[in-house]
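Okay, structure first, notes after.
Please treat every number below as a calculation from the coordinates, not as lab data. All values reported here derive from a predicted model rather than from experimental measurement. Here Cβ is always computed from backbone atoms with ideal geometry, including for glycine, and neighbour counts include all displayed protein chains.
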Amino acid sequence: MLYAFAFERIGVVASDLYFVDPDPSPGQEGAERGVRLELRTVERGELHGSIYSAQPIAVDRAVWRVDLLESVEGPPGSFDRTHHHPAFSGWEPSPRVFVKELSADPLSWLETRLGDLDGILAEAGVAPTEVHPSDGPSLKAAAPEIVAAVGSLLARVRAGELARAPGGDDVPSARVSWL
């Protein structure tokens, strides 16, 4: 499942995720599941027809990522693999950054961070001129709705509806998600 929230030049996408790293870091072995959220650039395309035609929309370059993950073998609610990637180089994320506050209360941490677009952009090395002046206030106003959508996804992951293993739990590598 994929949620998308678009503003002027920035948007947020969130999806359930089942992930098995084929070359995990020590302590990160085994399947993970949860929700991935990314801050991305967005763009409206030119209409391809009348004023009534569908609006082309591009969800493009990732700027920042948050993975609210748990090991499949661990207890629900542990958030033992929850981390973020403060920046991207092209399409590749920076290494995982584990933050105690993020794992302790992921949804509150996320809402606070979404309220500080300037801080996210600075950490990501993205110039504020790459976004529209209204993007920060719009994102902050929508943060509670975005966090509610993420919370709904997490509940569906824990219920076993989303972020399911592809063809069984014993796979050497997997990434099942829109993101």
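Some notes on this structure:
- Dividing the alpha-carbon radius of gyration of segment 69-165 by the rule-of-thumb value 2.2 N^0.38 Å gives 1.19.
- Alpha-carbon radius of gyration plus Dmax, which is the widest Cα pair, for the chain in Å: 16.8, 56
- Tensor-based shape of segment 81-138 (alpha-carbon gyration tensor, a/c under 1.5 rounded, otherwise prolate or oblate): oblate
- Förster-model FRET efficiency, 35 Å R0, SER108 and HIS48, C-beta, rounded to 0.05: 0.25
- Among the trypsin sites (Lys or Arg not before Pro) within segment 1-95, not one is in coil by DSSP while having at most 10 neighbouring Cβ atoms inside 10 Å.
- For the chain, relative contact order (Cα pairs under 8 Å, six or more residues apart, normalised by length) works out to 26 percent.
- ARG61-ARG175 pseudo-label distance in nm [points 7 Å out on the Cα-to-Cβ vector]: 1.9 nm
- Calculated FRET efficiency, GLU130 to VAL99, Cβ-Cβ distance, R0 = 25 Å: about 0.50 to the nearest 0.05.
- Potential lengthening between SER78 and ALA148 on full extension [0.36 nm per residue; Cα-Cα distance subtracted]: 23.3 nm
- For segment 107-178, the residue among ALA165, SER152, ILE120 whose Cα projects farthest onto the positive side of the dipole built from Cβ charges is ALA165.
- Rounded to the nearest 20 debye, dipole of segment 26-179 from Cβ charges on Lys, Arg, Asp, Glu: 200 debye
- A simple rule links phi to the HN-Hα coupling: the Karplus curve 6.51 cos²θ - 1.76 cosθ + 1.60 with θ = phi - 60°, which for segment 105-115 gives 8, x, 6, 5, 4, 4, 4, 4, 5, 5, x Hz, with x for Gly and Pro.
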